[in-house]
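What follows is a single structure, written as C-alpha cells, with notes after it.
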Amino acid sequence: MSTTADTRAAAAPRPRAGAARPTGLAGAGALARLLAPIRAHLAACAVLSALSAGAGITPYIAVAEIARIMIDGAPGAHAAVWTWVGIGAAGAGAWLLLLVQSSRIGHYADAAILHDLRVRIVRHLGALPLGWFRASGSGRVKRAMTGDLEEMHEVIAHALGQLTGAVTVIAAGTGYLLFVDVRMALVVLGVLGLMAVCYRVSMRSMTTHMERLTAADARISAAGVEYADGIQVVKTFGAGGRVLRRFDEAVDEHTRAFAAWVSEVRYSSAASRLLGSETAVLTAVAAAGSVLVADGSLGTADLVAFLVVAVGLPNSILPAVTASQGVRKGRMGAANIERLLSHPPLPEPERPRTPVGHSVEFDRVAFSYDGVTDAVADVSAVCPPGRVTAIVGPSGAGKTTLAGLLPRFYDVTGGAVRIGGADVRSIPSRRLLAMMSLVFQDVALLRDSVAENIRIGRPGPATRRFAGRRPPHASTT
C-alpha cells in the first residue's frame, strides 16, 4: 500500500549548481577584520619594509654624492668619498638584513592566519545546511579555499611590504632631490604626477571589471567541475555537447569581460606606463637640466645626482602599482570569504527531542528558495512506517524540494515536518541524518574503494565485515 502526495504548486526555479553570486567589495573592511589577529605582525612587517627600502636607496644617494664630490674637486674629497662608500655599503647590508626579517615575519603571519581561516571555513561548511551546497555547487567552495585565500596571501606576504617599500623609496628619493635642487625635483614630480593621473584614470572602474571577471571565473570553475563529475553520464548518454556548451559560454563571457576592460583602459594604461618609465624621467631630467646648466643656474654635479637618483625612482613605481592591485584583489577575496562565513549555519535545537516511532508527517508545509515564490505550498501528507511512499508530479512540481525538507537540507518557511511526532528542527542534525538512508539523484563517490565509501557512512566492525564481502555473482565492481 502506498500514500501519494502530488504537489503541483507553482515552483520557483531551483538554484543552479555553481551559480555565481555577485562578488566584490561588499565589505570594505572585510580584509582588516579577517587580518585583525595578525595586526601586530603586519605593523612590524610594514616598519621593517620601510626601513629596508630606506636603506636600499642609500647606495644610490651615496653614488650621487661621490659623483658630486669628485666633479667639484673640493679639498678633502678623498676622505669624503670613502665616507660615502662606507655609508653606501652599510645601507646595502642593512637593506638585505631588514628585507629578510620583514619577509620572515610576513610569511609567518601569512601561514598562521591562512591556517586559521581554512579551519574556520571548513568548520563553517560543516555546519551549513546541505541544501546550500546543492544550490552553490563546488565552484564557490573551491574559490574560497584556493583563489580567495591566495589573493589574501599575496597581500600579507608580498603586497604590503612592496607597497610600503615603494612609498618609502619614492619619499626618500624625492626628499633628497628637493635638497639638491627644488626646480629639478619639481620637474621629476611633474612627470610622476602625470603618470599617477593616467593610472588613476585607468583604474577608475577596476572594481566593476574585476567583479565581472570573478563571476566569469566562478562559472568556468563550476562548469568544469560539473563536466568532470558527470563524465560517466556524459559519455554514456552523449550529452557532452550540452555540458560543454555551458563551459564555452562561461569562457566566452570571461573573454568578453577581459576585452571590455582592455578596450576601456588601453590608452590611459599605456600613457601611465610610458610616463612611469626610466626613459620618460631621463628625457625630462636631461632636457630641463641642460637648459639650467646652460644658463649657469645648475651645476653639473647636481645634474649628475638627478641622473643617478631620479632616473631610478620609476623602478619603485611598478612594484607600487602591482602591490596596490594586489591589495584590491585581496579586499575582494576577503569580502567573498566573509560573505561565505556570514551564511547562517543550520540551527541546532536548544531542547532536543527524540522521535517516537518512524512515521513521517508533512503538516501544511511551505518552502521558498528566494523568499518570494513558494516552491511548495500547503503540502500535507502522512507516510506510515513499513510502507512505500512515493511523491509524484510533473517536472518542477517540488518533489525534490519536498524530499530535501525531510533531512533538513533546507528548513521549511511554513508548517512543519515531523518524524515520530518530533519536528525535524528539534532533532539534532547528526541524529537526524543517522536515522536515514539517502540515495541522491546526483551521486558522488570519493576517490577510494567501494568498501571505504561504505565505511564513511557507518564506520565500525559490522560495516567492515559487510564491506569486505564479495557477492557470489559479482566479477567486477
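The values are calculated or read from the model by the stated rules, or taken from the named source; none is laboratory data. Keep in mind that this is a model prediction, so the values were computed, not measured. Cβ atoms come from the backbone with ideal geometry, glycine included; neighbour counts cover every protein chain shown.
When 150, 154 are screened for being in contact with a helix residue (DSSP H, G or I) (Cβ under 9 Å, 6 or more places away or on another chain) and buried (at least 19 other Cβ atoms within 10 Å of the Cβ), only 154 passes. Comparison of 102, 136 shows that the only residue that is in the same structural domain as residue 223 (by TED's automatic domain parsing), surrounded by 19 or more Cβ atoms within 10 Å (Cβ to Cβ) and touching a helix residue (DSSP H, G or I) at 6+ places or on another chain (Cβ under 7 Å) is 102. From the list 176, 108, the lone residue that is in the same structural domain as residue 292 (by TED's automatic domain parsing), surrounded by 16 or more Cβ atoms within 10 Å (Cβ to Cβ) and among the aromatic types (Phe, Trp, Tyr) is 176. Of everything listed in (1) among the polar types (S, T, N, Q); (2) in contact (Cβ under 8 Å) with a residue 60 or more places away in the chain; (3) within 26 Å of residue 453 (Cβ to Cβ), the single unmet condition for residue 426 is (3). Which one is nearest to residue 336 (Cα to Cα) among residues in segment 70-126 that are among the β-branched types (Val, Ile, Thr) and in contact (Cβ under 8 Å) with a residue 40 or more places away in the chain? Step by step, filter segment 70-126, then rank; the result is 121.
The residue list 208, 146, 214, 174 contains one member that is of a type in the set (Ser, Thr, Tyr) and over 28 Å from the mean Cα position of the chain (by Cα), which is 174.
Put simply, of 470, 408, 431 the only residue that is part of a loop (DSSP other than H, G, I, E, B), in contact with a Ser or Thr (Cβ under 9 Å, 6 or more places away or on another chain), among the basic types (Lys, Arg) and modelled with pLDDT of 65 or more is 408. Residues that are under 19 Å from residue 359 (Cα atoms) and crowded, with 16+ Cβ neighbours inside 10 Å within segment 381-398 comprise 381, 383, 391, listed in sequence order.
When residue 270 is tested against (1) out of contact with any Phe, Trp or Tyr (no Cβ under 9 Å at 6 or more places or on another chain); (2) surrounded by 13 or more Cβ atoms within 10 Å (Cβ to Cβ), only condition (2) is not met. From the list 305, 284, 375, 288, the one residue that fits, being modelled with pLDDT under 90 and more than 29 Å from residue 400 (Cα to Cα), is 305. Restricted to segment 73-162, the set of helices (runs of 4 or more DSSP H) holding at least 1 residues that are closer than 21 Å to residue 43 by Cβ comprises 77-127, 149-154.
Is it the case, given these coordinates, that residue 276 is within 22 Å of the chain's Cα centre (by Cα) and touching a residue at least 40 places away in the same chain (Cβ under 8 Å)? No: the conditions fail for residue 276.
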